[in-house]
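Inspection log for the structure reproduced underneath, given as structure tokens.
The values are calculated or read from the model by the stated rules, or taken from the named source; none is laboratory data. In this text the structure is predicted, and so the values were computed from the model without any measurement. Cβ sites come from the backbone with ideal geometry, for glycine too, and all protein chains shown count toward neighbours. Surface areas here come from the heavy atoms of the whole protein model, side chains and all, with no ligands, DNA or RNA. Shrake-Rupley method; radii C 1.70, N 1.55, O 1.52, S 1.80 Å.
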Amino acid sequence: MLKLVVNGEDREVSGVATVAELLAFYKLENKILVVELNRNIVDRHAYESVELQAGDQVEIVHFVGGG
């Protein structure tokens, strides 16, 4: 179990070690979004390799189209 702060809320997630796995956990892996990890934007191409640590602060911003 990994304890993170996701979008300002304390969360515990299991089976998650990378940003990509966190997005899959929340079923967001196919969405257009931006991930910020500890106040740094994570490059989309690095989601698979960026590892999460207990206490990390993650902000996930996804875009919603409209008109």
**Unmet criterion (only one of (1) modelled with pLDDT of 95 or more; (2) open to solvent by 90 Å² or more (accessible area, probe 1.4 Å); (3) touching a strand residue (DSSP E or B) at 6+ places or on another chain (Cβ under 9 Å)) for Ile32** = (1)
**Message:** So Val19 passes all but one of these: (1) exposed (fewer than 14 other Cβ atoms within 10 Å of the Cβ); (2) out of contact with any Gly (no Cβ under 8 Å at 6 or more places or on another chain). Which condition number does it fail?
**Reply:** (1)
**Request:** Could you grab me the full set of residues in the range 14-52 that are without any contact (Cβ under 8 Å) to a residue 24 or more places away in the chain, closer than 15 Å to Leu4 by Cα and assigned to a loop (DSSP other than H, G, I, E, B)?
**Result:** Ser14, Gly15, Asn38, Arg39
**Asked** Here are some residues: Gln53, Gln57. Which one is of a type in the set (S, T, N, Q) and either surrounded by fewer than 12 Cβ atoms within 10 Å (Cβ to Cβ) or modelled with pLDDT under 95 (or both)?
**Response** Gln53
